[in-house]
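The values are calculated or read from the model by the stated rules, or taken from the named source; none is laboratory data. These numbers come from a predicted model, not from an experiment. Note that each Cβ is placed from the backbone with ideal geometry, even for glycine, and that neighbours are counted across all protein chains shown. Surface accessibility is based on the protein's heavy atoms, side chains included, excluding ligands, DNA and RNA. Shrake-Rupley method; radii C 1.70, N 1.55, O 1.52, S 1.80 Å.
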Amino acid sequence: MDIENLKVDLQERLTEGRYEHTLRVTDTALELAEAFHESVENTKIAALFHDYCKYDPLEEMQKTIETNSKLPDLLLSFHHELWHGPVASIRIEEKYGIANQEIKDAIFFHTTGRAKMTKLDKIIFLADYIEPGRSFPGVDEVRDTAKTDLTKACYQAARNTVRFLMEKNRTVYPDSFHAYNDLNQEVFGGIDK
Ligand code: DGI
Ligand code: FE
Ligand code: FE
């Protein structure tokens, strides 16, 4: 993987602000990878590519979702904001030959999370939420938790996102609920009593 070439490609595809967000996500993800013992190489690739398709034309993303059997059609009934991760997981294999399933999954699920998140899923999901440019309500609590507990920090981020979407009367994609429920059980242990 030639990271310098990739960075040029990213800069051409993204706005300046989004490119800088990508670099901050990468730095944050690498700190988490070190703290929680994840592969530095996989973390770097997943973080750099996570928003690779953020500004792809909607019709192009829609066509990819319709024609690729790995991408659920259900995505098309939800906000197009949810499309760029799944589409990027396909594009990077086509363009860069990235076939590593863990990297592709972390990119695919970076917006929603999912049930049974891997450590790399959690690192990318969390880094995207807590990178220093973010100012969501409650983000400081999540940053603090991330210093010691990766899963609990992901839980708080997933909970805040679901809460935010509901307060705005937005729909919640099933994987966002699956992430919330599964992380809740990982943190608090088993089913509610
Ligand atoms: O791409 P980024 O802006 O860096 O961050 P992201 O990929 O996490 O996307 C954030 C957006 O996605 C934000 O506007 C909230 C939205 N989102 C996250 N989960 C869901 C969702 N939107 C809907 N409709 N449903 C979800 O479950
Ligand atoms: Fe994103
Ligand atoms: Fe992002």
Most packed first (mean Cβ within 10 Å per residue), the peptides 164-172, 181-189 order as 181-189, 164-172
Can you give me the relative contact order of segment 1-87 as a percent, contacts being Cα pairs under 8 Å and 6 or more apart? 25
Residue-averaged [θ]222 nm for the chain, counting only DSSP H segments that reach four residues, each worth -39500 (n - 2.57): -20500 deg cm²/dmol
Is the C-alpha gyration tensor of the chain telling us rounded, prolate or oblate? Criteria: a/c under 1.5 is rounded; beyond that, a/b larger than b/c is prolate, otherwise oblate. oblate
Counting only protein heavy atoms and a 1.4 Å probe, tell me what percentage of segment 3-135's accessible area is made up of carbon and sulfur. 49
Please work out whether segment 1-43 counts as rounded, prolate or oblate from its C-alpha gyration tensor, where a ≥ b ≥ c are the square roots of the eigenvalues and a/c under 1.5 means rounded, while otherwise a/b larger than b/c means prolate and anything else oblate? oblate
Each label sits 7 Å from Cα toward the beta-carbon; between THR15 and SER39 the label points are separated, in nm, by 3.4
Just the number please: accessible area per residue for segment 3-135, 1.4 Å probe, all protein chains included, in Å². 46
Highest first, please rank the peptides 21-27, 96-102 by the mean number of other Cβ atoms sitting within 10 Å of their residues. 21-27, 96-102
Quick one: how many lysine pairs in the chain have C-alpha atoms under 17 angstrom apart, if they're 8 or more apart or on different chains? 20
For a quick check, take a GNM of the chain with Cα springs below 10 Å and name the residue from ILE65, ILE123, ILE107 with the largest mean-square fluctuation. ILE65
Sorted by average packing, counted as other Cβ atoms within 10 angstrom per residue and highest first, what order do 11-18, 33-40 take? 33-40, 11-18
